[in-house]
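What follows draws every value from the coordinates through simple rules; no lab data is involved. Just so it is clear, the structure is predicted and the values come from calculations on it, not from any experiment. Counting neighbours? That spans all protein chains shown, and the Cβs are built from the backbone with ideal geometry, glycine included.
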Amino acid sequence: MALSIKHLLGLDGVSREDIQEILDTAVTFREVIERPIKKVPTLQGKTVVNLFYENSTRTRISFELAERRLSADSLNFSVSTSSVTKGESFKDTVRNIEAMKVDMIVVRHASAGVPQYLTRISGSKIINAGDGTHEHPTQGLLDMYSIREKLGHLEGVRVCIVGDISHSRVALSNIYGLTTMGAKVSVCGPATMIPPFIKELGVDVYYNIDDAIQANDVLNVLRIQLERKAREYFPSIREYQKFYGIDTQRLEKNKKDVLILHPGPINRGVELSAEVADGEHQVILDQVTNGVAVRMAVLFLLGTQN
């Protein structure tokens, strides 16, 4: 089934059918990346530019691997070695890249709305790899895939997103995607990190992590984003760890079989203890592997549209 969307700018407004199609297609590509030869000719002849204006490890490598395993020509844009350092505008940069006849642009930018803007100045397919504190749709999709892979379904699953909700594009994409797929979503964190509008999105709010663990099947634990000045919203790292950090003692006291996700990178000893980060309840490295399959699915479904 073809997707009804022409670009992947976020999960807000994306239909249940489109999300289902992406997740189901990712199952096929998950099998591909387990083969000895991890490559298919699906996007041979297509050119994809990774336009990253923010630092990234997992997302950038994951997209690059996905592109190469689909046999697309993959090009990486680096701000530090580009004409941006000479004063070239974003618009001119994009138009010069497009003049080289590319087919798709994967963009990450510190400013919310940049992927949407790209659809107005570009004829390429646009995939949002994270825009400011707005959305990170492929992370939301791979989180949903990982939950479904482990639990078998999304409908009715109780998922709590823990941590810095206000600064997190991952949180918004998870909320939009999971609620569309029938999951029951909540958030948990210090009051200073929970945006006042969050209940309008149909989620419950916890301020006590023990209550959140007891009430949910899945915890998606977010990184404290120190680079976005999140440190200003709580008294100390030690206090945050004391009241919201997940360790084995806390899990054993409340509910042993809760599933732990984390988008990475992990601040070990803050959001998660080392024992939990490496323990039996987490699927953190599975998320990384699944991310390649999900991004292959998105690239394939958008890249083969008429």
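I'd like the orientation of helix 169-180 relative to the chain: the angle between its Cα long axis and the longest Cα principal axis, in ° from 0 to 90, rounded to 10.
80
Let me know the whole percent of all Cα-Cα pairs from the range 206-306 that are separated by more than 23 Å.
Of all Cα-Cα distances in the range 206-306, 36 percent exceed 23 Å.
Only Lys, Arg, Asp and Glu count, each charged at its Cβ (+1, +1, -1, -1), so figure out the dipole size of the chain about its Cα centre, rounded to 20 debye.
Rounded to the nearest 20 debye, it is 660 debye.
What's log10 of I(q)/I(0) for the range 137-283 at q = 0.10, 0.13, 0.17 Å⁻¹, Debye sum over Cα points only, no solvent?
With one equal scatterer per Cα and no solvent, log10 I(q)/I(0) is -0.29, -0.50, -0.90.
Need the list of aspartates and glutamates near residue 150 for cross-linking: C-alpha distance under 19 angstrom, and skip anything on the same chain fewer than eight residues off.
Once the sequence-local aspartates and glutamates are set aside, what remains near residue 150 is 21, 24, 31, 34, 217, 257, 278, 280, 286.
Just the number, please: Stokes-Einstein D of the range 94-176 in µm²/s, Kirkwood Rh from C-alpha pairs, 25 °C, 0.890 mPa s.
Stokes-Einstein gives a translational diffusion coefficient of 172 µm²/s.
Pick out, in residue order, every one of the GluC sites (Glu not before Pro) in the range 239-306 that is DSSP loop and has at most 11 other C-beta atoms within 10 Å; say none if there are none.
280
So how do 165, 61 line up by other beta-carbon neighbours within 10 Å, fewest first?
Ranked by crowding around the Cβ, least crowded first: 61, 165.
Only Cα pairs within less than 10 Å get springs; with that Gaussian network setup on the chain, which residue of 189, 291, 130 has the largest fluctuation?
With Cα springs under 10 Å in the chain, the top fluctuation among 189, 291, 130 is at 189.
With only Lys, Arg, Asp and Glu charged, each at its Cβ (+1 for the first two, -1 for the last two), find how big the charge dipole of the range 137-283 is about the Cα centre; round to the nearest 20 debye.
Approximately 240 debye in magnitude.
Charges at C-beta only: +1 for Lys and Arg, -1 for Asp and Glu. How large is the resulting dipole of the range 41-135 about its Cα centre, in Debye rounded to 20?
120
Among 146, 57, 160, whose Cα lies farthest out toward the positive end of the dipole of the chain, if unit charges sit on the beta carbon of Lys, Arg (+1) and Asp, Glu (-1)?
Result: 57.
To test your reading of the geometry: what angle, between 0 and 90 degrees and rounded to tens, separates the Cα axis of helix 16-32 from the longest principal axis of the chain?
The answer is roughly 80 degrees.
Of 127, 43, 208, whose Cα points farthest to the positive end of the dipole of the chain (charges on the beta-carbon: +1 Lys, Arg; -1 Asp, Glu; origin at the Cα centre)?
43
Determine one quarter of the surface area of the Cα convex hull of the chain, which equals its mean projected area, and express it in nm² to one decimal.
About 15.8 nm², averaged over all directions.
When only DSSP loop residues count, what GluC sites (Glu not before Pro) in the range 146-221 have their Cβ near at most 12 other Cβ atoms within 10 Å?
Listed in order of number, the matching sites are 155.
Based on DSSP, what percent of beta bridges with both residues in the chain are antiparallel, to the nearest 5?
5
Quick one: compute a quarter of the convex hull surface over the Cα atoms of the range 45-153 and quote it in nm².
It is 7.7 nm².
Would you mind checking 38/91; 184/242; 46/91; 39/125 for any pair whose Cα atoms are more than 24 angstrom apart?
Violating the 24 Å limit, Cα to Cα: 38/91; 184/242.
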